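Q: One structure, as structure tokens, below. Some questions next.
The values are calculated or read from the model by the stated rules, or taken from the named source; none is laboratory data. Just so we're clear, the structure is a prediction, and the values are computed from it rather than from any experiment. So basically every Cβ, Gly included, is an ideal-geometry build from the backbone, and we count neighbours across all protein chains shown. Please note that ligands, DNA and RNA were not included when accessible areas were found on the heavy atoms of the full protein model with its side chains. Shrake-Rupley method; radii C 1.70, N 1.55, O 1.52, S 1.80 Å.
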Amino acid sequence: MKHVAQLYINFTGGLVSPGELHTILSILKDNFITEVCFGLRQQMIIEVPGNKLEAIEHAFTSNGVAYEKGRTVSPNIVSSYVAANIFTTESWLREGVYKDIFDQVTCKPRLKMNICDTAQNLVPFFTGHINWLSSSNQHFWHLYIRLPKSSPTYYWPNLIYTNSIGAVSHAVEQFITSQNELQPGGQAYYAAMEKYVQEQTGYISHPALAPAFSPRFYFPYYEGLNKETTDTCWLGIYRRDEMFSVNFLQDACAICLQTKIGQLYITPWKSVIIKGINNADRYLWNAVLGKYRINVRHAANELNWQVEDGSYEGLVLKRSIIRHFDKEDVRTYGLSFAVETKSSANMFGSVIIRKRERTGTGKLKSQERFDILYSKDFDPNSKSLLLYRDKVAKHQVGPYLESLCKLYYEQAFRQNPPGMMQMAASVDESNEEMSEKLLYQCTKCQTMYDEEYGCVENHIPAGTKFASLAESYCCPVCEAPKSTFISTGESLPM
């Protein structure tokens with residue numbers, strides 16, 4: 001069997017300049033590496049044949065590319081930077097604030113750190129060990145600690161100022177990795193941690209009147225060309241097999257450099273987002289997507305999944321479940337799913353499909369069993385998991401998940417608490433039980449028409465259904481007629 005090494009390149013906070021990425025890709029291409037993938041923590045993962053490892057490592061070192069290999073790599077800092085300006089509105093947390101925080105982290109983290117805006121739903125809040133969440137007080141943050149190999153989180157008793165995040169994170173990490181006298185997780189343990197951090201940093205704080213409000217997680221559609229501002233759009237690219245062509249990424253970097261786009265963004269869903277694309281340059285992106293036959297119209301029930309990095313087994317299970325969902329026309333809006341094939345995984349999702357460890361000597365695939373769990377109130381940011389079914393055979397996972405989805409909607413309809421989707425919409429004159437909107441996409445330039453927002457350029461007010469548009473309606477970007485728009489196939493509740 002050919003020896004293959006894995007190299008990791010951490011893109012701090014999920015952002016990378018097109019120049020830096022192009023340099024990395026050129027080195028890989030020179031050594032006949034044709035594909036790369038991205039990880040759950042917004043990093044690049046490269047599989048390198050043993051006979052190319054020395055040459056690639058030498059080239060990385062010569063070009064100043066920081067990389068890691070092996071099993072004990074430094075975890076990347078995850079951030080919601082990618083969501084700024086496209087999945088957040090009216091937030092004080094701007095892109096410059098993220099960069100200020102990144103500059104504070106001068107040492108390689110040994111624990112996972114997340115920096116998240118509570119106004120967005122793209123990036124998970126609590127998948128790190130040191131989790132920073134923006135508060136309603138400008139430049140002050142909530143801090144949640146999750147000890148390694150555990151699920152419960154500890155809420156820091158006061159808010160911490162932006163400029164103290166780096167020092168406090170380092171002190172918390174030092175305490176967790178060096179403390180061996182106190183029982184981890186107890187009241188005395190956290191009291192000692194608070195005292196240690198205050199002594200080490202003297203951080204600036206503000207009283208926390210209440211823990212961070214965790215909004216109901218509604219997974220955003222992050223694929224295709226979408227409106228950003230009147231003059232710009234953003235592009236999200238998802239790959240079903242999680243692999244990105246080196247040639248395609250090189251061409252994408254070249255377009256970014258040509259059109260003065262300064263950054264590309266990696267999401268925790270192993271996809272890529274490019275922001276700030278001028279409408280006049282959309283044709284370049286359409287051309288490169290066409291050149292590599294990249295589909296950007298996947299159904300939303302395929303995008304709301306997390307699978308462990310490098311888990312082919314997890315991808316196979318995901319695909320079989322999605323096929324079942326498609327066959328049975330299962331609605332999944334409002335839910336997110338995760339596949340765990342390793343006991344050490346701590347995945348993000350409102351529904352978790354967890355592979356059971358085998359007992360005995362049986363090695364047949366037919367003997368594999370899975371547990372199906374769901375988070376409390378189906379909130380994926382909750383670490384409280386409830387068992388739905390255990391010891392489920394692989395071919396039964398899809399049908400059981402279908403039943404769990406039905407349970408979710410029935411529960412949402414009964415409870416309908418503040419922040420939940422408004423499932424009990426009032427019945428209108430046509431006796432419809434639920435008002436719905438659809439996303440429509442221009443087949444010429446991939447512009448999206450979202451009924452929730454209407455079309456500012458054509459003076460179409462928010463809430464206007466696509467079917468109600470005049471036949472003279474045309475695409476605001478390429479002026480294609482209404483007939484060129486097609487439904488994306490995902491129905492979303494209003």
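Q: Contact order normalised by length for the stretch 260-325, with contacts defined as Cα pairs under 8 Å and 6 or more residues apart; what percent is it? Walk me through the numbers on the way to the answer.
A: Working: 25 pairs, mean separation 13.5, N = 66.
Value for the stretch 260-325: 20 percent.
Q: Follow-up. By a straight-distance test (C-alpha under 22 Å), which lysines pair with Lys275 as possible cross-link partners, with residues fewer than eight away in the same chain excluded?
A: Lys99, Lys227, Lys260, Lys291, Lys444
Q: Okay, moving on. Leu182 to Ala210: FRET efficiency via 1/(1 + (r/R0)^6), r the Cβ-Cβ distance, R0 30 Å, to the nearest 0.05?
A: E between Leu182 and Ala210, to the nearest 0.05, is 0.60.
Q: Which residues in the stretch 134-165 place their backbone N less than 17 Å from a point set 7 Å from the Cα of Ala191 along the Cα-to-Cβ direction?
A: 155-158
Q: Please report, in cubic angstrom per residue, the volume enclosed by the convex hull of the alpha-carbon atoms of the chain.
A: 175 Å³
Q: In whole angstrom, and with the biggest value first, how far do the Cα coordinates of the stretch 85-127 range along each principal axis?
A: 32, 23, 12
Q: Ok, one more. Under the 0.36 nm per residue contour assumption, what length would be gained going from the current alpha-carbon distance of Arg414 and Tyr218 to full extension?
A: Gain on extension, Arg414 to Tyr218, equals 68.7 nm.
Q: Here is a further query. If each of Leu257 and Thr484 carries a label point 7 Å out from its Cα toward its Cβ, how far apart are those two points in nm?
A: The two pseudo-label positions are separated by 3.2 nm.
Q: Ala299 to Asn31: FRET efficiency via 1/(1 + (r/R0)^6), r the Cβ-Cβ distance, R0 35 Å, to the nearest 0.05?
A: The value I calculate is 0.45.
Q: Going Cα to Cα from Lys327, which aspartates and glutamates come in below 17 Å? Please leave out same-chain ones fewer than 8 positions away.
A: Cα-Cα hits under 17 Å: Glu302, Glu402, Glu490.
Q: Straight distance only, please: which lysines reach the Cα of Lys391 with their own Cα at less than 18 Å, same-chain residues fewer than 8 apart left out?
A: Within the straight-line cut-off, Lys391 pairs with Lys318, Lys342, Lys355, Lys363, Lys365.
Q: For Asn278 and Val316 in the same chain, what is the full-extension length gain: residue separation times 0.36 nm, less their Cα-Cα distance, in nm?
A: That pair, Asn278 and Val316, stretches by 9.9 nm at full extension.
Q: Follow-up question, since we're still on this one. Given a 1.4 Å probe and every protein chain left where it sits, what share in percent of the accessible area of the chain is carbon and sulfur?
A: About 50 percent, which is the carbon plus sulfur part of the accessible surface.
Q: So what is the relative contact order of the chain, in percent, for Cα pairs below 8 Å that sit 6 or more residues apart? Walk me through the numbers before you get to the answer.
A: Working: 882 pairs, mean separation 58.0, N = 494.
About 12 percent, as a whole number.
Q: Solvent-accessible area per residue for the chain at a 1.4 Å probe radius, Å²?
A: With the other protein chains kept in place, the chain gives 47 Å² per residue.
Q: Over the stretch 74-191, what is the relative contact order in whole percent, taking alpha-carbon pairs under 8 Å and six or more residues apart? Kindly include the intermediate steps, with their values, before the conclusion.
A: Details: 181 pairs, mean separation 25.4, N = 118.
Result for the stretch 74-191 is 22 percent.
Q: Another question, if that's okay. Separation between the Met243 and Glu54 pseudo-spin-labels, each 7 Å from Cα along Cα→Cβ, expressed in nm?
A: Each label point lies 7 Å from its Cα, and together they span 2.7 nm.
Q: Hey, what number do you get for the chain at 222 nm if only DSSP H runs of n ≥ 4 count, each worth -39500 (n - 2.57), divided across all residues, to the nearest 500?
A: -8500 deg cm²/dmol
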